[in-house]
Amino acid sequence: MGKVISYKRPDGQAVNGYLAEPAQGAAAGMVVIQEWWGLNDQIKGVADKLAAAGYRALVPDLYRGKVALAANEAEHLMNDLNFGDAAGQDVRGAVQYLKATGSGKVGVTGFCMGGALTLLAAVNVPEADAAVVWYGYPPLEYVDASKIKAPLLAHWATDDAAFAYANVATLEGKLRAAKVNFEFHSYNAKHAFANETADSKNLPFLKYDAALAELAWQRTMAFLGKHLG
């Protein structure tokens, strides 16, 4: 359904990305941020699903062509990633590209590591019109909630061994103090509960839950319909 394109970051560097477009032309846009695995078939599938729902979806290739199959490879790639650069340049450039090519309003969503980057993008990408976080956050001192102007939706897993659920309340307090328009949902689930390939990784802290994934998706669709039109 999608194709590889190249777009420019604010600093002028070129980045590749996977672009999935809906059957009907003009549409709102969504930037989709990968998990720590990289730009793999699963995250392309999320973009395809958004395109099927009527959005132009662009997945930036944050790892520049590298994809991890094992957790140790993924951790290595994630640790090598400059999060500030990824959010402020790769993701911001993707939002700007969608807006410049006629997407109207543009949101950002991401999973796991991409969830953390979505929060950073909410802070550092003023062009974003909405943000949807899936079970991930950066170190909370990097979240300047006063800079978040777009409405924010987040899905959290209460049994998350990768991103401790206890910190969600702290984040909530920061957002509330800054009067951010946000909506948090918690799910009795493990990390990556919305990733249909999670169980195939054979990692004890990952577990797919089809019913909760569908519930979170419906909430996401309602949120995007409200804020992106």
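Each pair of Cα atoms in the chain enters the Kirkwood radius, and Stokes-Einstein at 4 °C and 1.567 mPa s then converts it into a translational diffusion coefficient of 75 µm²/s.
Taking the Cβ of each residue in 208, 18 as the centre, tally the other Cβ atoms inside 10 Å and list the residues starting with the fewest.
If I rank by nearby Cβ atoms, fewest first, I get 208, 18.
Shown for 30, 78: other C-beta atoms within 10 Å of each C-beta, ranked fewest to most, produce the order 78, 30. Per the Debye formula on identical point scatterers at the alpha carbon atoms of segment 94-229, with no solvent, log10 I(q)/I(0) at q = 0.09, 0.13, 0.15, 0.16 Å⁻¹ is -0.25, -0.53, -0.70, -0.80. Across segment 47-161, the convex hull enclosing all Cα atoms gives 124 Å³ per residue.
Look at 36, 217 and count the other Cβ atoms within 10 Å of each Cβ; fewest to most, that gives 217, 36. Extent along the principal axes, Cα only, for segment 1-68: 30, 27, 15 Å, with the longest axis given first. With Cα atoms defining each centre, segment 1-57 and segment 62-116 are spaced 11 Å apart in the structure.
Using only side-chain charges placed at the Cβ, +1 for Lys and Arg and -1 for Asp and Glu, the dipole size of the chain relative to its Cα centre rounds to 680 debye. Remark: segment 101-112, residue by residue, has Karplus-estimated 3J(HN,Hα) of 9, x, 8, x, 6, 9, x, 10, 9, x, 10, 6 Hz, where x stands for each Gly or Pro and the curve is 6.51 cos²θ - 1.76 cosθ + 1.60 at θ = phi - 60°.
Quick note: the coordinates plus some simple rules give every number you see, no bench work behind them. Nothing here was measured: the structure is a model prediction, and the numbers come from that model. Cβ coordinates were reconstructed from backbone atoms using ideal geometry, including for glycine residues, and neighbour counts include every protein chain displayed.
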